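Taking it in order: structure first as structure tokens, then the write-up.
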Amino acid sequence: MTEFFAHIDGKLAPNDAGSPKVQRNNREVLNLLTKRARTLHLGTANYCWFTDPSRALCLKLAGTPDAEKPLAGMCDSARCPQATHHPCHRPVWAEHAQQTTTFLGDLGPTGKIEKARLQADLDRAQRVLDAIDNDTIHEKE
Ligand code: SF4
């Protein structure tokens, strides 16, 4: 977000000199923010920055690479390069990790394939939690 707002500042700076351009600049800011708002999708487990459909994992999984909107129902944000995770998303991931740990503990000795799938899922959830925690710690420093 900081980089984005710096980008807006950079675009506005050359137009700031001279005549009354406050309204024009405000409109320009609104246009830039609106453009970005169309790409940002807020989810309970992540933010989706849908800037490049060709990089959207959900579209790849669905086989619809030319879609103009993300497919929230197919979202796999832990593996998608367009997703970001923030402290507000931590409870969802912590609950997911907890439930997956419980399922893993309940598996019998014959569930090797399911165990591998759940372990990979748990590892992804833990990586997201670690990333969120590391960012939180970094921001407090
Ligand atoms: S997988 Fe999730 S984060 Fe990635 S583009 Fe699709 S909806 Fe957005």
Have a look at Ala120, Ala45 and point out the one that is within 21 Å of Ala131 (Cα to Cα), exposed (fewer than 13 other Cβ atoms within 10 Å of the Cβ) and small (Gly, Ala, Ser). Ala120
Of Pro87, Pro91, the only residue that is more than 9 Å from the ligand (Cβ to nearest atom) and either at pLDDT 95 or above or aliphatic (A, V, I, L, M) (or both) is Pro91
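Matching residues to (1) closer than 15 Å to Arg127 by Cβ; (2) among the aliphatic types (A, V, I, L, M); (3) more than 11 Å from the chain's Cα centre (by Cα):
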residue: Lys35; (1), (2), (3): no, no, yes
residue: Cys58; (1), (2), (3): no, no, yes
residue: Cys75; (1), (2), (3): no, no, no
residue: Arg79; (1), (2), (3): yes, no, no
residue: Ala83; (1), (2), (3): yes, yes, no
residue: Leu104; (1), (2), (3): no, yes, yes
residue: Gly108; (1), (2), (3): no, no, yes
residue: Lys115; (1), (2), (3): no, no, yes
Exactly one of these conditions fails for Leu32: (1) touching a residue at least 12 places away in the same chain (Cβ under 8 Å); (2) within 16 Å of the ligand (Cβ to nearest atom). Give me its number. (2)
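Quick grid of which residues meet (1) in a helix (DSSP H, G or I); (2) touching a Lys or Arg at 6+ places or on another chain (Cβ under 8 Å); (3) modelled with pLDDT of 95 or more; (4) not aromatic (Phe, Trp, Tyr):
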| residue | (1), (2), (3), (4) |
| --- | --- |
| Thr44 | no, no, no, yes |
| Thr101 | yes, no, yes, yes |
| Ile113 | yes, no, no, yes |
| Ile137 | yes, no, no, yes |
State the number of residues belonging to region 35-44 that are touching a residue at least 12 places away in the same chain (Cβ under 8 Å), more than 9 Å from the ligand (Cβ to nearest atom) and over 11 Å from Pro70 (Cα atoms). 2
I'd like the residue in region 46-74 that is in contact with a Ser or Thr (Cβ under 8 Å, 6 or more places away or on another chain), near the ligand (Cβ under 7 Å from one of its atoms) and assigned to a loop (DSSP other than H, G, I, E, B) and, out of all such residues, is nearest to His96 (Cα to Cα). Asn46
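The values are calculated or read from the model by the stated rules, or taken from the named source; none is laboratory data. Worth saying up front: this structure is predicted, and the values here are computed from it rather than measured. Here the Cβ is made from the backbone with ideal geometry for all residues, glycine too, and neighbour counts use every protein chain on show.
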